[in-house]
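Down below is the structure, laid out as structure tokens.
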Amino acid sequence: MGYNAARRHRGLQYQRPEPECWQFTVETTDINQTFAVNINTGTDVDITIDWDDGCPPVNYTTTGVKSCTYPAAGTYYPKITGSITGGNIQLGSSADDRPRLKATGVIGGVVGLANFTTTFYGCTGLTSLPVDLFRYNTLVAASGFYGTFKGCTGLTSVPANLFRYSTAVSDFGFNQTFSGCTGLTSLPADLFRYNTAVRTGGFYKAFYGCTGLTSLPVDLFRYNTLVESSGFDQTFYGCTGLASLPANLFRYNTAVSDFGFHQTFNGCTALTSLPTDLFKYNTLVANYGFNGTFNGCTGLTSVPEGLFRYNTAVGEGGFSLTFYGCNDLTLNAWIFYASGEEATRFASPVPVQNFNGCFRLSGAFGGIKGTAPALWDCAFNGTPTKNNCFAGHSTYSVDNYGDIPVAWA
């Protein structure tokens, strides 16, 4: 056998054939406990579920919740096969039976699945995922993984190539995908490596409330260069364990625009500082772009110079409540511009600026005295919204408190 033929032969040996069915594991703990499969959406339904011991195989031709009541406590291995047009299937249908799902095999043997919307929602007993889980469902596109693992608190990690073959995933593709997965402690750098078509709302609430995350890989979003409006809206909201952020986390997401970083890190109480160039390359961020981004980050003690220096397209609602409730934050005079740029920084023809409650305190100041950015000296294109921008501050928190006009304080 020649070299190239031998190489092809070896390659064929490692090709994984699609499973003949989608098999999963259900565990009951008492007699007469039920597990359901929700054929949630789709047409031309021709789905067969072999429920394993306890219920005979049934062929279903309609959407809706299908269930089996198992006669005894034990472990069962149901199988799904068949076809559906534009369909979606969810495992479990209630808070009672979802935790009974203990494992899932690779999804195969089912033709026509359009998305995995809330497929494993609330399956708290799921602790791991097969690397090729979605390998044979390559047509999944918009909202492809909407809430797929939402509330799967038992998951502690995810495979790096989980979405390797989901290259068509687009708008709102990872909307709430891992929301509430409190057991996740880390993420693989290449998790979204091949999902280059993700655009509007791509990572909306993707890791919302993942309190176990302590850090993020720098290249997590490196290849998602088309992400635009609402791209990172509330992505890490409530990730209370997140203690640091890589400087180039959003380095390649240059198309992010309206609502781009709206409440992205809201409530991330373990953050104590921010990298200087975190948003340096996101120059198209526009209306509501930084609204509430670090709202409630009570652990923040410093903010770097030039953090928003390059975000000159930010307009309506853009800096409203950005650092609201950061009661220990030492303010920096040069957050929005460098010295001497006051007259030009906000003069570009963008919608009216909004600084409502931007640095507002929600309690007593507990940090080291800093200097408030002199926004009142800037030449704005129009009249900015300034109410409560520095509300709660005093001579104890900023050394230029006496310079702050009443309208800003």
Rounded to the nearest 10 degrees, the helix 3-13 long axis (Cα) sits at an angle to the longest Cα principal axis of the chain of 80 degrees
Give me the Kirkwood hydrodynamic radius of segment 251-332 in Å, from all C-alpha pairs, to one decimal place?
-> 12.4 Å
In nm, what is the difference between 0.36 nm times the number of residues separating T43 and S273 and their Cα-Cα distance?
-> 77.7 nm
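Taking a threshold of 29 Å on the Cα-Cα distance, which of the pairs K79/K205; K280/K386; K280/K369; K66/K102 fall above it?
Exceeds cut-off: K79/K205.
Could you tell me how many cubic angstrom of Cα convex hull volume the chain has per residue?
Values: hull volume 66.3 nm³, N = 409.
So the per-residue hull volume is 162 Å³.
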If you look at just the Cα atoms of segment 329-376, how large are its Rg and its Dmax in Å?
-> 12.8, 38
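Antiparallel DSSP bridges in the chain: what percent, to the nearest 5? Don't jump to the answer; show the numbers that get you there.
Details: 28 of 34 bridges.
In the chain, DSSP labels about 80 percent of beta bridges as antiparallel.
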Could you size up the charge dipole of segment 193-290 around its Cα centre, putting +1 on the beta carbon of Lys and Arg and -1 on that of Asp and Glu, and report it in debye to the nearest 20?
-> 160 debye
Carbon and sulfur atoms: what percent of the 1.4 Å accessible area of the chain do they account for?
-> 49 percent
Got a sec? Charge dipole of the chain, +1 on Cβ for Lys and Arg, -1 for Asp and Glu; which of W376, G231, T322 is way out at the positive end?
-> G231
For the pair S302 and A343, what calculated FRET efficiency results from E = 1/(1 + (r/R0)^6), where r is the Cβ-Cβ distance and R0 = 22 Å, to the nearest 0.05?
-> 0.25
What residues of segment 344-386 lie in the reach of a label at D403, counting those whose backbone N is under 14 Å from a point 7 Å from the Cα along Cα→Cβ?
-> 370-379
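Between T29 and A374, what is the FRET efficiency for a Förster distance of 60 Å, r being their Cβ-Cβ separation, to the nearest 0.05? Can you show the working numbers first?
On the way: r = 64 Å, r/R0 = 1.07.
The calculated FRET efficiency here is 0.40.
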Most fluctuating of Y324, Y310, Y396 in the GNM of the chain (C-alpha, under 10 Å) is Y396
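Rounded to the nearest 20 Debye, what is the dipole magnitude of segment 9-153 about its Cα centre when Lys and Arg each give +1 and Asp and Glu each give -1 at the C-beta? Could the numbers behind the result be given before it?
On the way: 9 positive and 12 negative charges, 90 e Å.
In debye, rounded to 20, segment 9-153 gives about 440.
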From largest to smallest, what semi-axes in whole angstrom does segment 177-281 give when each is the square root of 5 times an eigenvalue of its alpha carbon gyration tensor?
-> 19, 15, 13
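Please list D53, D171 in order of solvent-accessible area, largest first, computed with a 1.4 Å probe with all protein chains present. Don't jump to the answer; show the numbers that get you there.
On the way: D53 110, D171 60 Å².
Largest accessible area first, the residues go D53, D171.
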Once label points are set 7 Å from the Cα along Cα→Cβ at both T167 and T138, what is their separation, rounded to one decimal in nm?
-> 0.7 nm
Mean accessible area per residue over the chain (1.4 angstrom probe, all protein chains present, square angstrom) is 39 Å²
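What full-extension length gain, to one decimal in nm, is calculated for T214 and A72 as 0.36 nm per residue of separation minus the Cα-Cα distance? The partial results should precede the final answer.
Working: separation 142, 0.36 × 142 = 51.12 nm, distance 4.14 nm.
Net length gain for the segment: 47.0 nm.
Just from its helices, what would the mean residue ellipticity at 222 nm be for the chain, if runs of 4 or more DSSP H residues each count -39500 (n - 2.57) and the sum is divided by every residue, rounded to the nearest 500 deg cm²/dmol?
For the chain, the value works out to -1000 deg cm²/dmol.
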Connecting every pair of Cα atoms under 10 Å apart in the chain and solving the GNM, the largest mean-square fluctuation among S229, S166, S394 falls on S394
Any idea how far apart T85 and T127 come out in nm if each label point goes 7 Å out from Cα toward Cβ?
-> 4.3 nm
Dipole magnitude (debye, nearest 20) for the chain, charges at Cβ of Lys, Arg, Asp, Glu | 700 debye
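The values are calculated or read from the model by the stated rules, or taken from the named source; none is laboratory data. Computed from a predicted model, the values in this text were never measured in an experiment. Neighbour counts are summed over all protein chains in view; Cβ atoms, including those assigned to glycine, are modelled from backbone coordinates with ideal geometry. Each accessible area value is taken on the protein alone, full model and side chains, heavy atoms only, with ligands, DNA and RNA left out. Shrake-Rupley method; radii C 1.70, N 1.55, O 1.52, S 1.80 Å.
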